[in-house]
Amino acid sequence: LAARIEKKRAISETSIDLMARARSLAHVYKLPLPHEIKWVLNQNTLWGSCSFNDGVVRISSRLVNVPNWVLDYVILHEITHLVEPNHGPEFQRLMERYPKTERAEGFLEAVALSFS
């Protein structure tokens with residue numbers, strides 16, 4: 001319960017505008033803008049998710065305090081799913097355009113290890 005309250009507090013106090021970040025990334029990488037993007041408390045194994053059919057992107061509250069370039073990577077990953085629903089070669093090609101992909105993936109792997 002205390003962890004959930006802390007996550008809610010962190011989300012309510014953040015100045016991060018997820019839609020503004022998604023808009024910027026969509027523009028730079030020529031991707032569609034999600035219909036909605038929001039923080040969620042219930043993603044404990046995923047960093048983000050995308051509902052391809054309705055264009056809703058959810059970002060784990062565990063990412064509230066990560067560096068901007070890591071959050072941007074996760075947002076970009078999810079909005080790329082609006083074009084490519086799976087992780088096939090075309091998805092990988094699109095994601096490789098982000099210059100900090102490998103670094104962000106390494107950061108997230110390290111964070112995931114600290115949660116386990």
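The values are calculated or read from the model by the stated rules, or taken from the named source; none is laboratory data. Since the model is a prediction, treat every value here as computed from it, not as a measurement. Don't worry about glycine lacking a Cβ; one is built from the backbone with ideal geometry, like all the others, and counts go over all protein chains shown. Please note that ligands, DNA and RNA were not included when accessible areas were found on the heavy atoms of the full protein model with its side chains. Shrake-Rupley method; radii C 1.70, N 1.55, O 1.52, S 1.80 Å.
Overview of values
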{"item": "Which numbered condition Arg103 fails, given (1) open to solvent by 80 Å² or more (accessible area, probe 1.4 Å); (2) of a type outside the set (A, V, I, L, M); (3) assigned to a loop (DSSP other than H, G, I, E, B); (4) without any contact (Cβ under 8 Å) to a residue 40 or more places away in the chain", "result": "(3)"}
{"item": "Matching residues, segment 86-105, being closer than 12 Å to Leu76 by Cα and among the charged types (D, E, K, R)", "result": "Glu96, Arg97, Lys100"}
{"item": "Of all residues making up segment 67-96, the number that are among the hydrophobic types (A, V, I, L, M, F, W, C), touching a helix residue (DSSP H, G or I) at 6+ places or on another chain (Cβ under 7 Å) and within 20 Å of Asp17 (Cα to Cα)", "result": "7"}
